[in-house]
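Remarks on the structure that follows.
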Amino acid sequence: MCVVSAAQQIWRKAKDAGDPFEKVFCVFDRDTHGDYQRALDTLARIRPKGVFVAIPSVPCFEYWLLLHFAYTDQPFHAASMRSVGAMVLRELRRYWPGYEKAFHGVFEQRLEQLEFAKANAVRALKAAQTAHTDNPSTLVHELVEYLQRLKQ
């Protein structure tokens, strides 16, 4: 909810200054956040309609990064003493041993794999929808595609 609240405040400031954003993307993950569903519900109700866009990753953002290396639609769950996020991180580090959370330069380092990741994300989203789940899934590819269209 803090991402949604911050997005609303930033949008309001821009609107009050006479220059509101056309789109506001709220990027967040489910991980263990207790207010994840409330954030999605709030974004669905927010006005003006179609401006605020949820870009969730389930179980966490690192799933999107994992898709740069391999396709998987295997659900992630906490195991023994590891959180669900730690399980995704462990899988990601099989392909990218030096990765750390809040790593700078991630986009530049994975740019050559971007189209592969986008295709994997679309495929995983379809698989999740078919299975009536969201674990795992991400919508980061939708944000990336929007930004790519802007660049063109």
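Nothing in this text is a laboratory measurement; each read-out follows from the coordinates by a stated rule. Small disclaimer: the values here were computed from a predicted structure and weren't measured. Quick reminder, even Gly has a Cβ in these numbers, built from the backbone with ideal geometry, and neighbours come from all protein chains shown.
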Residue count for the range 40-62, restricted to those that are under 17 Å from A128 (Cα atoms) and assigned to a loop (DSSP other than H, G, I, E, B): 3
Checked pairs for the range 29-55, first on the phi > 0 side of the Ramachandran plot, second of a type outside the set (D, E) and surrounded by 17 or more Cβ atoms within 10 Å (Cβ to Cβ), C-beta under 8 Å and 6 or more apart or across chains, list as D31/P59; D31/C60; D31/V84; D31/G85
If R110 meets every condition in (1) touching a residue at least 24 places away in the same chain (Cβ under 8 Å); (2) surrounded by 15 or more Cβ atoms within 10 Å (Cβ to Cβ); (3) within 25 Å of V24 (Cβ to Cβ); (4) under 15 Å from the mean Cα position of the chain (by Cα) apart from one, which number is that one? (4)
If you go through the range 57-86 one residue at a time, how many are crowded, with 18+ Cβ neighbours inside 10 Å and either basic (K, R) or in contact with a Phe, Trp or Tyr (Cβ under 6 Å, 6 or more places away or on another chain) (or both)? 3
Does the range 135-152 hold any residues that are in contact (Cβ under 8 Å) with a residue 12 or more places away in the chain and assigned to a loop (DSSP other than H, G, I, E, B), and which are they? N135, P136, L139
Check on F76, touching a residue at least 24 places away in the same chain (Cβ under 8 Å), assigned to a loop (DSSP other than H, G, I, E, B) and either over 22 Å from T32 (Cβ atoms) or touching a His at 6+ places or on another chain (Cβ under 8 Å) (or both): no
Residue in the range 1-39 that is surrounded by the fewest Cβ atoms within 10 Å (Cβ to Cβ), counting only those that are touching a Cys at 6+ places or on another chain (Cβ under 6 Å) and not in a loop (DSSP other than H, G, I, E, B): V3
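Run down L143, L150 and say which single residue is over 13 Å from L65 (Cα atoms), of a type outside the set (D, E) and more than 15 Å from the chain's Cα centre (by Cα).
Working: L143 fails: more than 15 Å from the chain's Cα centre (by Cα).
After applying the criteria, what remains is L150.
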Search result, residues across the range 103-134 that are over 15 Å from L65 (Cα atoms), outside any helix (DSSP H, G or I) and of a type outside the set (V, I, T): A131, H132, D134
